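One structure below.
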Amino acid sequence: MIPHSKWFAIVLNLASMFCWGSWASLYKFTPQVRYEMWFVDFILGNVLVVLVLCFSFGQWQVEESSQGIQSDTFISNLKQVNWTHLLYGFAGGAVLNLANILTTGAVSLAGLAVAFPITFGTGLSLGTLSTYFATAEDKRPSLPLLLVGVGLAVVAVVCVSLAAAYKQAPLTASSSSSSASTSSTLTKPLVSPSSIAATKAVNTQANSDDGGANSSSSSSSSSSSSSSSSSSSSRKGVAVAALAGVLTAGWGPLSAKAMEDQPGALNAYGGCLVFNLACLATVCPYVAVLMRKPFSGAPFGFAEYKFYGWKWHVLAGAAGCINGLGSQMNFLAGTELGFTISYPINMCSPLIAMLWGVLYWKEFRGAGTTSFTCLAGMVLFYLGAIVAVFMAASS
């Protein structure tokens, strides 16, 4: 089943944006889980839900879409796909998989409300233009309106970057224990279960030797160290999110080429499956490198996998299912609207992630009025970007 109604495609596109903005929130339900390990089950969930969709809805035969892309069934499409389009689809999956892993790492360092807007805003500004020029000339939307949408998204990224910077000021200035507690909840510590046990043993021995004589001094030192560590992690998270955004920008044009209106191209279901199989093939090499050179904490190995309980496996798999569902809806919307339109709409998913981060996870608890003013500006500019992109599609 491939949509042949523009309004139905718009609904799918917005639903996809919601899914892409929501999956990372499940990561925050698993405290002290290394995001590198978490991502393995996340990819398995992606592949599972896409396989189910391909062999169910993907087998429905319907008419051609208004963009002229053949809506043959999933199996018949795979039989006629050529290697060039397969390689484009695989490359798109490999690039976006690394971007998603880095995005999850950025969430662990800087928080959901900061990492997502920077990653997707950067990806939107760079990726929309590259996708535009990778699209056939007769299917390109209005470039001026598209540029307006991209410009508004860039301003939204600037707003959230300022919000993150202003958020750190009151947290760093305060050296009280309550401030340290608040700061520690803004981002999730990257600690493995084995190191937690070792740390507890060391702390117990240290407390026994010290006899509690310097408890006041230790509390003050811990508070200062916590504030400094939080600020450093946030800055590193912003840098990692920006790198993920640059990689995200490469996914749009590669997917557009894999599913272009030519013989041997992938359809929406085949394209999404190849994309997710590329993610499955590359996740272990990516994770292995990041485990040896982690952004935070000590290096570790796959042996840490056995320390985690069933809960985080389920949550990671569920997050993958949500993301996989969103990916499939994005591919379907792209066949009707064109990827130059569906891509930037999905890149506005930080609007959803920010609402999760601010309203549910309270990542900006204790921040000043200036931070919330910047976040409000981000919402307005992202909404303006969505409207401008839809206007570009209609013109």
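The values are calculated or read from the model by the stated rules, or taken from the named source; none is laboratory data. Nothing here was measured: the structure is a model prediction, and the numbers come from that model. With ideal geometry, Cβ positions are generated from the backbone for all residues, glycine too; neighbour counts draw on all protein chains shown. Accessible surface areas use protein heavy atoms only, side chains included; no ligands, DNA or RNA. Shrake-Rupley method; radii C 1.70, N 1.55, O 1.52, S 1.80 Å.
How would segment 257-364 be classified by its alpha-carbon gyration tensor: rounded, prolate or oblate, with rounded meaning a/c under 1.5 and the a/b versus b/c comparison settling the rest? Kindly include the intermediate steps, with their values, before the conclusion.
Details: a/c = 2.32, a/b = 1.45, b/c = 1.59.
Here segment 257-364 falls in the oblate category.
How would you rank 297-305, 125-133, 52-60, highest first, on the average number of other Cβ atoms within 10 Å across their residues?
Top to bottom by mean Cβ count within 10 Å: 125-133, 52-60, 297-305.
For segment 91-146 and segment 255-297, what is the centre-to-centre distance using only Cα atoms, to the nearest Å?
Between the Cα centres of segment 91-146 and segment 255-297 lies a distance of 14 Å.
Could you run the Karplus curve 6.51 cos²θ - 1.76 cosθ + 1.60 with θ = phi - 60° over segment 125-132 and give me ³J(HN,Hα) per residue in whole Hz, x for Gly and Pro?
Values per residue, Gly and Pro as x: 5, 7, x, 4, 5, 5, 5, 4 Hz.
Full-extension gain between SER395 and PHE133, please, as 0.36 nm times their residue separation minus the C-alpha to C-alpha distance.
92.6 nm
With a point put 7 Å past each Cα toward its Cβ, work out how far THR369 is from VAL52 in nm, to one decimal.
4.9 nm
Per residue and in Å³, how big is the convex hull formed by the alpha-carbon atoms of segment 310-395?
Details: hull volume 7.6 nm³, N = 86.
Taking only Cα atoms, segment 310-395 has a hull volume of 88 Å³ per residue.
Set the Förster distance to 41 Å, then compute FRET efficiency between ARG292 and ILE75 from the Cβ-Cβ distance, nearest 0.05.
0.50
Find the accessible area per residue for segment 289-395; the probe is 1.4 Å, ligands and nucleic acids are left out, and the unit is Å².
Accessible area per residue, segment 289-395: 41 Å².
Measure off, as a whole percent, the carbon and sulfur share of the 1.4 Å-probe accessible area of segment 261-395, all protein chains present.
72 percent
Hey, with R₀ at 35 Å, roughly what FRET efficiency would TYR305 and GLN262 work out to, going by the Cβ-Cβ distance, to 0.05?
Given R0 = 35 Å and the Cβ-Cβ separation, E is 0.25.
Could you pull the Cα extents of segment 129-170 along its three principal axes, largest to smallest, in whole Å?
So the three principal-axis extents are 52, 16, 8 Å.
Viscosity 0.692 mPa s, temperature 37 °C: what is the translational diffusion coefficient of segment 14-158 from Stokes-Einstein with a Kirkwood Rh over Cα pairs, rounded to a whole number of µm²/s? Can you show the working numbers first?
Working: Rh = 18.1 Å.
So the translational diffusion coefficient is about 182 µm²/s.
Using a cut-off of 16 Å between alpha-carbon atoms, which lysines can reach LYS167, once sequence neighbours fewer than 8 places away in the same chain are excluded?
Reachable lysines: LYS236, LYS362.
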